[in-house]
Amino acid sequence: MHWPGVIEHYREYLPVTEKTPVVTLLEGNTPLIFARNLSQEFEGKIQVYLKYEGLNPTGSFKDRGMTVAISCALERGAKAIMCASTGNTSASAAAYAAKSRLNCIVLIPEGAIALGKLSQALLHGAKVIAIKGNFDEALNLVKEITSKYPIALVNSLNPDRIEGQKTAAFEICDVLGTSPDYQALPVGNAGNITAYWKGYREYKEKGKTENLPRILGFQAWGAAPLVEGHPIKYPETLATAIRIGNPARGEEALKASEESGGLIEKISDEEIIKAYKILARKEGIFVEPASAISLAGIIKLYKRGYFLKSSTSVVKVVCILTGHGLKDPERAIKESSRPKIIPPTEEAVLEVAGYL
Ligand code: F0G
């Protein structure tokens with residue numbers, strides 16, 4: 001089947017009309033992979049599925065929201081777009097702006113975005129501006145500027161972003177034939193958790209599914225305002241994508257976890273890295289650190305006996321893997337041992353490979 005991108009595939013659920021100029025890079029339709037090896041480690045009590053959003057055109061889930069945000073902005077006559085970003089939003093905005101010939105301005109926290117993401121935004125021709133401040137400060141500036149100038153804001157405060165991103169929930173239900181029992185995902189600015197919850201509820205209202213999943217949101221230990229109950233002025237974590245201290249949709253994230261009977265938890269950087277390596281080494285899936293928090297959270301809750309309280313015997317858990325590992329190659333290298341450098345002889349190769 002030819003996949004036409006999320007707007008054409010889910011048109012009836014999205015705020016578009018016949019007149020909307022659809023800008024698409026054929027995002028969406030990402031694989032939902034059954035994690036056989038991981039599921040065995042949970043003693044057959046959990047079936048883990050991985051929604052590999054890193055396989056979107058710019059390597060993250062942001063493309064789902066961006067196709068709708070950019071198409072709708074164009075329809076309203078926008079000439080320029082702007083966002084604050086920890087990296088992925090800027091890469092996605094820059095790519096979709098290039099395709100639609102919109103001027104794109106992105107504000108990033110200086111020195112705090114992964115190399116892959118920066119390279120994307122730069123090469124797509126966005127005006128990339130680094131501020132001596134963090135994401136929250138960048139977002140405040142973007143809100144100020146876009147309220148005064150004719151520039152469309154494409155952060156997830158823009159409702160069109162949420163509309164596009166909710167399609168991932170539809171895809172999960174379409175593949176499973178039902179909603180999962182639990183869905184785990186990272187929470188940064190809290191747009192995506194809001195989008196998934198909206199998507200699941202809409203699918204149920206339309207009679208496409210009978211149930212709703214419990215939503216499990218995870219924040220990094222040093223950047224967990226929703227767990228601590230107050231904004232964090234200086235958020236810290238190696239998962240730079242979710243290094244956010246004052247999430248724009250924090251209230252909605254709390255509502256999603258409460259209404260669904262799920263939770264929002266904080267996870268240490270060590271736990272994140274452990275899950276990052278497990279995904280790569282046990283399932284062959286390369287994600288960026290922020291994405292690994294979905295699995296890290298499941299492992300933590302499993303150890304605590306959380307899933308045993310569930311009524312069904314085997315629970316289906318979907319972990320959202322939000323961004324590709326190639327976004328942050330420096331982290332992958334930092335967490336691995338460097339290749340040995342040897343003379344170019346058969347003997348030396350076999351020795352290092354453990355065959356001699
Ligand atoms: N995972 C990745 C890889 C992300 O890039 C982000 C957010 C999240 C999870 C969290 O999603 O913000 O909707 O709760 N990245 C934004 C950015 C902030 O600027 O790229 P959220």
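Filter region 182-209 down to the residues that are more than 12 Å from the ligand (Cβ to nearest atom) and small (G, A, S), then identify the one that is nearest to I162 (Cα to Cα). So, considering only residues that are more than 12 Å from the ligand (Cβ to nearest atom) and small (G, A, S), the one nearest to I162 (Cα to Cα) is G199. Set side by side, the residues M82, M66 differ, and just one is within 16 Å of the ligand (Cβ to nearest atom), modelled with pLDDT of 95 or more, hydrophobic (A, V, I, L, M, F, W, C) and in contact with a strand residue (DSSP E or B) (Cβ under 8 Å, 6 or more places away or on another chain), which is M82. Taking first residues from region 180-192 that are among the aromatic types (F, W, Y) and partners that are more than 7 Å from the ligand (Cβ to nearest atom) and open to solvent by less than 10 Å² (accessible area, probe 1.4 Å), the Cβ contacts under 6 Å between residues at least 6 apart in sequence or on separate chains come to Y182/P213; Y182/L216; Y182/V317. Restricting attention to region 51-82 and to residues that are part of a loop (DSSP other than H, G, I, E, B) and small (G, A, S), the residue that is most open to solvent (accessible area, probe 1.4 Å) turns out to be G77. Screening region 241-356 for helices (runs of 4 or more DSSP H) wholly inside it with 1 or more residues that are open to solvent by 20 Å² or more (accessible area, probe 1.4 Å), in contact (Cβ under 8 Å) with a residue 24 or more places away in the chain and among the charged types (D, E, K, R) returns the ranges 250-260, 269-283, 289-303, 329-334.
Looking at region 8-27, is at least one residue in a strand (DSSP E or B) and either within 15 Å of the ligand (Cβ to nearest atom) or closer than 21 Å to L153 by Cα (or both)? No, region 8-27 has no match at all. Does at least one position in region 308-323 carry a residue that is closer than 18 Å to I273 by Cβ, of a type in the set (A, V, I, L, M, F, W, C) and modelled with pLDDT of 95 or more? Among the residues of region 308-323, at least one is closer than 18 Å to I273 by Cβ, of a type in the set (A, V, I, L, M, F, W, C) and modelled with pLDDT of 95 or more, which makes the answer yes. Among the residues in region 142-159, are any among the acidic types (D, E) and either under 26 Å from V22 (Cβ atoms) or touching a residue at least 60 places away in the same chain (Cβ under 8 Å) (or both)? There is no residue in region 142-159 that is among the acidic types (D, E) and either under 26 Å from V22 (Cβ atoms) or touching a residue at least 60 places away in the same chain (Cβ under 8 Å) (or both).
The values are calculated or read from the model by the stated rules, or taken from the named source; none is laboratory data. Since we're looking at a predicted model, the values are computed, not measured. Don't worry about glycine lacking a Cβ; one is built from the backbone with ideal geometry, like all the others, and counts go over all protein chains shown. We work out accessible area using only protein heavy atoms, side chains counted, and drop any ligands, DNA or RNA first. Shrake-Rupley method; radii C 1.70, N 1.55, O 1.52, S 1.80 Å.
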